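S.K.: First, the structure itself, so that you have it in front of you.
The values are calculated or read from the model by the stated rules, or taken from the named source; none is laboratory data. Note that the structure is predicted; figures quoted are calculated from it, not measured. Note: ideal-geometry Cβ built from the backbone for every residue, glycine included; neighbour counts use all protein chains shown. For accessibility, only protein heavy atoms count, side chains too; no ligands or nucleic acids. Shrake-Rupley method; radii C 1.70, N 1.55, O 1.52, S 1.80 Å.
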Amino acid sequence: MYIPTVLILGLAGGGKSLLVRRLFSLATSASESLSLDYDVVPTAGVELQTLSIKRKPTITFREVGGQMLPVWGGYLNDCRELIYVIDMANPAQLASAVMELYVLLADTRLKQSRVLVVLNKIDLPFVLTRAEVDMSLHSQHLPMSVRERMTIIEASALEGTGVQQVLDWIHTIKQ
C-alpha cells in the first residue's frame, strides 16, 4: 500500500519546522489557537514524521532543512506532493527562495507533483506584501501545466493563521 510522503522544503529560517509542528497539533486537536513550544530547533538534516489525518491513511512528512539545499535533489524521486515555504519577512532572501523554487519546478522528477507554496510569517510587522511576492514569483509567466498544480497560501505558522488551509490541501492527497 502506498503511503503518501509530503516533501517540505524551503530556505533556512523560513518556518518549516514550526509549520509541521502546527499541522500536527491542528490535525490532532482541531484548534488553530493551540499553544506550541516556540523554541523550535531548525532541522539540521532530514526529519520524518508520520500522521494519521481524520480517518485517512497515514501521511509521512519529510522535512529537509534549508542547510541541506545542495542535496535537495536527492529527495525528489517519487515526490508527488511538495510544500515549499517562503519567509515573507525576509526580503533579502526572497530572490534566492524564488530561484530555488524555480529550480525545483523545472526538475523533471516533479513535473507531475502538486506544489503548495506557503508564504509564511505574515504575522510579523514588516512583511512583504502579497503583491511584492507575486511580482517576484512571476507565477503568471509559469507554464499552465505548472500553474494548474501549484497552490499559494499565506500563513503564519507561529499564530496558526492559514494553517487550516494547508491541512485542507493535505487532505486532498490521493492515496
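S.K.: Looking at this structure, is Glu132 within 17 Å of the chain's Cα centre (by Cα) and acidic (Asp, Glu)?
M.R.: The answer is no for Glu132.
S.K.: Further question: Pick out, from region 121-175, the helices (runs of 4 or more DSSP H) lying fully within it that include 3 or more residues that are among the charged types (D, E, K, R).
M.R.: Here the list reads 130-137.
S.K.: Another question about this same structure. Would you be able to say whether some residue in region 135-153 is open to solvent by less than 20 Å² (accessible area, probe 1.4 Å), among the hydrophobic types (A, V, I, L, M, F, W, C) and modelled with pLDDT of 95 or more?
M.R.: So far as region 135-153 goes, yes, one or more of its residues are open to solvent by less than 20 Å² (accessible area, probe 1.4 Å), among the hydrophobic types (A, V, I, L, M, F, W, C) and modelled with pLDDT of 95 or more.
S.K.: Of all residues being within 18 Å of Leu18 (Cβ to Cβ) and among the β-branched types (Val, Ile, Thr) in region 79-107, which is surrounded by the most Cβ atoms within 10 Å (Cβ to Cβ)? Just the residue, please.
M.R.: Val85
S.K.: Mind counting the residues in region 52-78 that are touching a residue at least 12 places away in the same chain (Cβ under 8 Å), open to solvent by 10 Å² or more (accessible area, probe 1.4 Å), of a type outside the set (Ser, Thr, Tyr) and not in a helix (DSSP H, G or I)?
M.R.: 6
S.K.: Testing Arg147 on (1) farther than 16 Å from Gly15 by Cβ; (2) touching a helix residue (DSSP H, G or I) at 6+ places or on another chain (Cβ under 6 Å); (3) not aromatic (Phe, Trp, Tyr), one condition comes back false. Which one is that?
M.R.: The one condition Arg147 does not meet is (2).
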